[in-house]
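> Before I ask anything, let me first share the structure, which is written out below as structure tokens.
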Amino acid sequence: MPGALAEIIAIAILAASLFAAVARPLGLSEAVVAVPGAILIVATGIVDRHAAIDRLEEIGPTVAFLAAILVFGHLCAEADVFDYLGGRAAVVSHGQARRLLALIVVLAAGVTAVLTLDATVVLLTPVVMTTVRQMRIRPRPHAYACTHLANSGSLLLPVSNLTNLLAFAASGLAFGHFAALMALPWLLACGLEWVGLRLFFRRDLPAEPACNHVVPPPPPRYALTVLVATISGFVVTSSLDVNPAWAALGGCLLLLIPRVRHRDVSPRRLVLEGSPGFCLFVLALAIVVDAVTKHGLGELLHTLVPDGTGLLALLGAAFVAALVANVVNNLPATLALVPIVAGQPVLVLAVLIGVNVGPNATYSGSLATLLWRRLLPADTKPGAGEFHLLGILTVPAIMLVATVALWGGYQLIG
């Protein structure tokens, strides 16, 4: 097949796959277009069958971890972990909207870091919305905190975001080294997100205390203990070069023990909570993106992404990654860009700043943002103008500061 025709077909399939994932027509799975599209790409020889199999084998462990951590997050939610944390935040805030916003930023950043951004969007956001309504506080700044910290708050750990998982192996870094290099960018990004929200929504954050009738549930001590143990397991398994999916699976099994005793387990629901449709979408999208990059786009990205470890190179990589993420979404952007910077650890991390922080600029930058918007109550959904204005005002500055912090940390840690 001629290269130009192959590129046109691959781009068309990528666009249709992303549209289906975003629009979810008739409530169909994200995989409804991507999987047939990937099969067509292999059948027509746009991507060689052996190359496709190799790609699936490469990305398979990452998708396995994704499924395991999604199940673990839902089990934590059913054990009242998020309800407890949201209730405690309400109590500690003493009814003050400004203090609650700071606590929600901290909470969302922490949940994102250890349980992935999906847990923040799907599980924490409803708890936050319930909490602010009970406190009779305007919900907009706290709702935005959930989505902005779901993206920016995912810089810290390899397990915080699917984009991180995809890039982790290519970085060649150990789990602890990755976290050490990203700790300061993560802290600064989260802090600047709070500053941006605090200023942008200052009229929604009165100084006077509101009513606070929130009574948190009793602390789920067993579930919190399992959560801490599972996070520790991520560090141990990664340092031993073992897929952290095993630690997530162990956490799931521990949380299921008391439920099995009460016969409160539905195998079908556990499978559904692992989002098999989304996992298939990721596997298929990897093949589709390979087709796009091997027939023209890859060469363009090679010319756009700078090489080296200097500050200007890192800034260039981060901002190119952000641009690509906002054009085609951060997941295909990661799949396309990571092979280009593979083996250059700090450049991989700069790309992650771009694909994690950058998507806060537009609705389309991150699937998590689109899901967050769908989950919000009708009277809380943000307008496009407001959402994008906040992104334009905050994202470039946060990316700049986070990338400079990464460069500085790399000079000290290496």
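The values are calculated or read from the model by the stated rules, or taken from the named source; none is laboratory data. Model, not experiment: these values are computed from the prediction. Quick reminder, even Gly has a Cβ in these numbers, built from the backbone with ideal geometry, and neighbours come from all protein chains shown. Accessible surface is based on the protein model in full, side chains and every heavy atom, while ligands, DNA and RNA are left aside. Shrake-Rupley method; radii C 1.70, N 1.55, O 1.52, S 1.80 Å.
> Tell me the residue from ILE41, ILE53, ILE59 that is open to solvent by less than 50 Å² (accessible area, probe 1.4 Å) and at pLDDT 90 or above, please.
ILE41
> Any residue in the stretch 132-142 that is under 30 Å from ASP241 (Cβ atoms) and buried (at least 23 other Cβ atoms within 10 Å of the Cβ)?
no
> Give the residues of the stretch 337-355 that are within 10 Å of ALA318 (Cβ to Cβ) and either within 15 Å of the chain's Cα centre (by Cα) or open to solvent by 10 Å² or more (accessible area, probe 1.4 Å) (or both), sorted by residue number.
LEU349, VAL351, LEU352, ILE353, GLY354, VAL355
> Okay, moving on. Across the stretch 143-186, what is the total count of residues that are open to solvent by 10 Å² or more (accessible area, probe 1.4 Å), more than 17 Å from ALA368 (Cβ to Cβ), part of a helix (DSSP H, G or I) and among the aliphatic types (A, V, I, L, M)?
Counting residues in the stretch 143-186 that are open to solvent by 10 Å² or more (accessible area, probe 1.4 Å), more than 17 Å from ALA368 (Cβ to Cβ), part of a helix (DSSP H, G or I) and among the aliphatic types (A, V, I, L, M) gives 6.
> Quick one: what pairs do we get from the stretch 43-62, first residue more than 18 Å from LEU297 (Cα to Cα) and without any contact (Cβ under 8 Å) to a residue 40 or more places away in the chain, second open to solvent by less than 90 Å² (accessible area, probe 1.4 Å) and assigned to a helix (DSSP H, G or I), C-beta under 7 Å, 6+ apart or different chains?
ARG49/VAL42
> All but one of (1) outside any helix (DSSP H, G or I); (2) out of contact with any His (no Cβ under 9 Å at 6 or more places or on another chain) hold for ARG136; which doesn't?
Here ARG136 meets the rest and fails (2).
> Report whether or not GLY385 is closer than 30 Å to ASP54 by Cβ, at pLDDT below 95 and either open to solvent by 10 Å² or more (accessible area, probe 1.4 Å) or not in a helix (DSSP H, G or I) (or both).
In short, no.
> Also, quick follow-up: Which of the residues that make up the stretch 289-304 are touching a residue at least 40 places away in the same chain (Cβ under 8 Å) and either among the charged types (D, E, K, R) or under 24 Å from LEU162 (Cβ atoms) (or both)?
Result: VAL289, ASP290, ALA291, VAL292, THR293, LYS294, LEU297, GLY298.
> So is VAL228 surrounded by fewer than 20 Cβ atoms within 10 Å (Cβ to Cβ), β-branched (Val, Ile, Thr) and assigned to a helix (DSSP H, G or I) or not?
Spelling it out, VAL228 is indeed surrounded by fewer than 20 Cβ atoms within 10 Å (Cβ to Cβ), β-branched (Val, Ile, Thr) and assigned to a helix (DSSP H, G or I).
> So which residues in the stretch 113-124 are hydroxyl-bearing (Ser, Thr, Tyr) and over 17 Å from ALA229 (Cα atoms)?
Across the stretch 113-124, the qualifying residue is only THR120.
> To continue, here is another question. Within the stretch 303-327, take every residue that is of a type in the set (Gly, Ala, Ser) and surrounded by 15 or more Cβ atoms within 10 Å (Cβ to Cβ) and give me the one that is nearest to TYR410 (Cα to Cα).
ALA313
> Here's something else I'd like to know. Please go through the stretch 108-130 and pick out each residue that is within 15 Å of PRO216 (Cα to Cα) and either hydrophobic (A, V, I, L, M, F, W, C) or surrounded by 24 or more Cβ atoms within 10 Å (Cβ to Cβ) (or both).
Residues satisfying the conditions are LEU124, VAL127, VAL128, MET129.
> Quick check on my filter: what residues within the stretch 1-17 are at pLDDT below 85 and farther than 20 Å from GLU299 by Cβ?
Matches in the stretch 1-17: none.
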